[in-house]
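Structure, as structure tokens:
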Amino acid sequence: MKRLLLERALYPLLGLAVIVVAWQLYTQLYAVSRIVLPSPSDIALASVRHFALLLAQTWPTLGATVLGFVIALVLGIPLAVCVANSRVLNLTLYPILVATQSVPKVAIAPIVLVWFGFGMESKLAIAFLVAFFPIVVDTATGLRSTPPGLLELARSLRASPWQVFSKVQMPAALPFVFSGAKVAITLAVIGAVIGEFVGSVDGLGNLLLAANSQLESPLAWAALIWLSALGIVLFAAVALVERLVVPWGHSGR
């Protein structure tokens, strides 16, 4: 087990190290302009030099991401329960969900900006929109995937509909719920950044645009890397909660 965990941590780090070294050598050997493609050392220096600014701009992005994700969970899971347990609602709402998901969120961002204006509200709305669909779909799939034998056993023991749901269906669906949540949290970061691109005066996305417009490529790349790190940290946080809440989902791995 420890060896497996070590391999999972070691191989990605080795791959990242190879990419960074190759990137650094390429920019130095071919004298690439730092405006076009800054070297990893330039990006690291910009991160250190502007650490306070990057940290300050991380909090608005983090807040919009987490709030949008939480709202998507609070509204998405009950809707998924309704869709999974009602044929009428499934036939009515599922095609609408698929249709709304197929619309690029960048395209609706200006409309959201008109509705909610500049600031946290527009970022929150877009983060919610992109995180909502995977939570609903994965949760509904998990609820429908409950083994029929368990449902028949619970009903033979005269379990009430609520007991069947809370003791059988929902525990069986939890791995699917967390699978959708891990996808949703990374998409929520993207949604928050889209909101910052079109209608915000703060956040890492806004900083990236401002640095790029001023030809401060190392700072823009630093903001991009911080966004990537933010997504990784949030994904790891959801995975940790999954390991604590659904330990049986990892017992066979």
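The values are calculated or read from the model by the stated rules, or taken from the named source; none is laboratory data. This structure is a prediction, so every number in the text was calculated from the model and none was measured. Please note: Cβ atoms are built from the backbone with ideal geometry, for glycine as well, and neighbour counts cover all protein chains shown.
Would you call Leu55 loosely packed, with under 12 Cβ neighbours inside 10 Å and at pLDDT 90 or above? Yes: the conditions hold for Leu55. Only one of the listed residues (Leu219, Leu143) is in a helix (DSSP H, G or I), in contact with a His (Cβ under 7 Å, 6 or more places away or on another chain) and touching a residue at least 60 places away in the same chain (Cβ under 8 Å). That residue is Leu219. A single entry from Val106, Val130 fulfils the requirement of being in the same structural domain as Val241 (by TED's automatic domain parsing), farther than 18 Å from Val83 by Cα and surrounded by fewer than 16 Cβ atoms within 10 Å (Cβ to Cβ): Val106.
Scanning the range 1-22 for residues that are more than 27 Å from the chain's Cα centre (by Cα) and modelled with pLDDT of 85 or more yields a total of 2. If you go through the range 95-117 and keep only what is in a helix (DSSP H, G or I) and farther than 21 Å from Gly76 by Cβ, you end up with Val106, Ala107, Pro110, Ile111, Leu113, Val114. Going residue by residue through the range 140-149, is there one that turns out to be in contact with a Lys or Arg (Cβ under 8 Å, 6 or more places away or on another chain) and farther than 20 Å from Glu242 by Cα? Within the range 140-149, not a single residue is in contact with a Lys or Arg (Cβ under 8 Å, 6 or more places away or on another chain) and farther than 20 Å from Glu242 by Cα.
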